[in-house]
Amino acid sequence: MTTTATAPDGLRDALPPSALAWFDEALARAASAGADRTAGPGGPAAAWEPRFAEAGRRCGPAAADAVRTALLRAARPGPADTARLYRHGSAGERRAVLLALPDLDLAPAEGLALVEDALRANDTSLVTAAVGPFAAAHLPAHAWRHAVLKCLFTGVPVAAVAGLADRSRGDGELARMLTDYAAERSAAGRPVPDDVRRVLALTEV
């Protein structure tokens with residue numbers, strides 16, 4: 001089985017030797033699906049998706065995100081399949097979908113539905129993945145501000161927020177929300193996270 005899909009630099013080196021053949025086959029199957037997105041049940045999609053699900057077991061948790069995102073980029077699932085992989089996936093599978101969003105053929109609204117779902121979760125790994133480049137490019141201002149606050153509430157470092165400096169610059173409403181949040185924390189006798197001050201400083205630039 002051959003494929004024009006290539007793994008990201010360094011990914012194969014990060015895999016255990018026992019996973020290399022499995023990964024090459026999985027990537028080839030995903031690329032085959034990407035070349036024939038009209039395949040029905042039993043076609044290429046049915047062949048690569050089990051590999052997407054088992055990536056953690058085959059490649060180890062440290063490499064699972066990179067492996068799954070590589071498979072998604074090769075397979076290029078359409079909006080319905082992407083949403084299904086997210087909705088029915090494990091936390092790791094959902095995280096990979098979120099990480100791959102900038103490289104998938106989705107309209108902004110289709111990807112944002114998944115980002116918004118992840119931002120309603122309390123799983124910090126999903127929140128971290130949700131505030132990546134796709135959210136930076138497409139999340140409306142009001143929702144983006146609340147995503148920043150979600151990071152503060154859940155302890156996700158604001159360094160994870162893609163485009164933070166650009167989107168925070170001169171944002172008076174974000175500054176007001178952060179100031180209110182800091183005041184509430186102080187009034188309750190709770191420490192104000194350093195990240196609040198970092199983002200407030202960005203809003204003043």
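The values are calculated or read from the model by the stated rules, or taken from the named source; none is laboratory data. Source: prediction; values computed, not measured. Note that each Cβ is placed from the backbone with ideal geometry, even for glycine, and that neighbours are counted across all protein chains shown. Accessible surface areas use protein heavy atoms only, side chains included; no ligands, DNA or RNA. Shrake-Rupley method; radii C 1.70, N 1.55, O 1.52, S 1.80 Å.
Relative contact order (percent) for the range 118-201, with alpha-carbon contacts under 8 angstrom and 6 or more residues of separation?
Answer for the range 118-201 is 27 percent.
Working from Cα positions, state the angle (0 to 90°, nearest 10) between the long axis of helix 141-154 and the longest principal axis of the chain.
Long axis of 141-154 versus the principal axis of the chain: about 90 degrees.
On a 0 to 90 degree scale, rounded to 10, what angle separates helix 172-187 from the longest Cα axis of the chain?
Helix 172-187 and the main axis of the chain meet at about 70 degrees.
Of the candidates 138, 146, 88, which one comes out as most mobile in a Gaussian network treatment of the chain with C-alpha springs shorter than 10 Å?
Looking only at 138, 146, 88, the biggest GNM fluctuation is shown by 88.
Which option, [x] 31, 23, 14; [y] 26, 23, 14; [z] 37, 17, 14, is the value of semi-axes √(5λ) of the Cα gyration tensor in Å that was calculated from these coordinates?
Here the calculated entry is [z].
How high is the relative contact order of the range 1-157? Use alpha-carbon pairs under 8 Å, at least six apart in sequence, and give a whole percent.
17 percent
Roll a 1.4 angstrom probe over the protein heavy atoms and tell me the percent of accessible area of the chain that is carbon or sulfur.
Roughly 54 percent, rounded to a whole number.
With +1 on each Lys and Arg Cβ and -1 on each Asp and Glu Cβ, how big is the dipole of the range 68-205 about its Cα centre, in debye rounded to the nearest 20?
Value, rounded to 20: 240 debye.
For the chain, take the longest principal axis of its alpha carbons; what is the angle in degrees between that and the long axis of helix 61-75, to the nearest 10 within 0 to 90?
Here the helix axis deviates by roughly 70 degrees.
Which of 135, 10, 155 sits closest to the plus end of the dipole of the chain, meaning its Cα is farthest towards the positive end, when Lys and Arg get +1 and Asp and Glu get -1 on the C-beta?
Result: 155, furthest along the dipole toward the positive end.
Running a GNM on the chain with Cα contacts under 10 Å, which residue among 48, 22, 144 ends up with the highest mean-square fluctuation?
22
Taking the solvent-accessible surface of protein heavy atoms with a 1.4 Å probe, what is the per residue accessible area of the chain in Å²? Intermediate values should be presented prior to the final figure.
Working: 9940 Å² over 205 residues.
For the chain, the per-residue accessible area is 48 Å².
Label residue 21 and residue 204 with points 7 Å out from Cα along Cα→Cβ: what is the distance between them in nm?
It is 6.1 nm.
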